[in-house]
Amino acid sequence: MMEPTKGLFHYGGIIDRVLRLRRSPVEEADGVVCISHGEEALLKERFPNKHIVYLPNGVDCDAFQVKQTSSPREEWGIPKERRLILCISRIDYQKNQKALLNLLAEDSDSHLLLIGPVTAPTYCEELKTQAREMKVAERLTIIPGLPPTDKRLRAILHEAQVFVLPSIHEPFGIVVLEAWSAGLPVISSNAGGLKDFVVHKRNGLLFPPDDMTALVENYKQLMDSSELRASLVAAALEDVKQYSWTALSQRLIGFYRELLSSH
């Protein structure tokens, strides 16, 4: 995405220096909120005397726990008898949805549903072409984005058998919290912020985003073991409570109080 700007002169930097506007926001701040443990660790090492807190994204747990009365399967042409693999994310190279075609090749009774805006049209076409070449195209459905409040989005979370997020890069991964809230078992890559809260074999299954063997093995384990599915869902439903907006708001208020008391 940054390729077109490489090598260009940064005129804004001259203006910043002339007007003495260039300062480090972190150096100026009394407190810093981080959305990943990686950011938190780096900043605490660099600024050991600052108030720094890890405060991730949140989710409306109650809203996603409510089952919808209707199913969008028929509308989207997905047979009821097929196991449904769900991924909700942008259709983009960073999201690595091509990896999920391996699951369709492995499980002939499965159907892959991708929901998300197409931010890389070329990648989307490559994905469709690869599905045709692998002879799994008729078991792939792409819905190019739904509004966050669309009831079909929440309904399909309760219809699916597994939620898989194979991202190469993921700052956080709020869709995992939504899947957890709906009681859906999760398989995700160990990229970026995902490994901050998805714990392998506790509340989800993790795999390196470039390791298709590990992805397929995780999927097989999950589909073959009702006990594993139940234990992952139970732990996820418990863990997701700490990401409710109520819980996070209380933590943020506590952080503000800590800052105020230091002055």
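The values are calculated or read from the model by the stated rules, or taken from the named source; none is laboratory data. Small disclaimer: the values here were computed from a predicted structure and weren't measured. Cβ: placed from backbone, ideal geometry, glycine included. Neighbour counts: every protein chain shown.
Among the numbered criteria (1) touching a strand residue (DSSP E or B) at 6+ places or on another chain (Cβ under 9 Å); (2) farther than 12 Å from Leu140 by Cα, which single criterion is violated by Leu104?
(2)
If a residue must be surrounded by fewer than 16 Cβ atoms within 10 Å (Cβ to Cβ) and over 17 Å from Leu165 (Cβ atoms), how many such residues does region 107-136 contain?
So the answer is 13.
On the basis of being surrounded by 16 or more Cβ atoms within 10 Å (Cβ to Cβ), assigned by TED's automatic domain parsing to the domain that holds Leu206 and part of a loop (DSSP other than H, G, I, E, B), does Ile78 make the cut?
Values: surrounded by 16 or more Cβ atoms within 10 Å (Cβ to Cβ): yes; assigned by TED's automatic domain parsing to the domain that holds Leu206: yes; part of a loop (DSSP other than H, G, I, E, B): yes.
Judged against the criteria, Ile78 is a match.
For region 239-261, name all the residues that are without any contact (Cβ under 8 Å) to a residue 12 or more places away in the chain and closer than 21 Å to Val66 by Cα.
Gln242, Thr246
Select the helices (runs of 4 or more DSSP H) contained entirely in region 155-262, then report the ones holding at least 1 residues which are at pLDDT 95 or above.
174-181, 212-224, 226-239, 245-261
Could you check how many residues of region 109-130 are under 14 Å from Ile78 (Cα atoms) and part of a loop (DSSP other than H, G, I, E, B)?
1
Taking region 211-237 as the region of interest, how many residues are touching a residue at least 40 places away in the same chain (Cβ under 8 Å) and closer than 21 Å to Glu170 by Cβ?
So the answer is 7.
Exactly one of these conditions fails for Val216: (1) buried (at least 18 other Cβ atoms within 10 Å of the Cβ); (2) more than 22 Å from Asn57 (Cβ to Cβ); (3) among the aliphatic types (A, V, I, L, M). Give me its number.
Only one criterion is unmet by Val216, namely (1).
Could you tell me whether region 37-46 includes any residue that is at pLDDT 95 or above, closer than 30 Å to Met212 by Cβ and under 22 Å from the mean Cα position of the chain (by Cα)?
For region 37-46, residues at pLDDT 95 or above, closer than 30 Å to Met212 by Cβ and under 22 Å from the mean Cα position of the chain (by Cα): absent.
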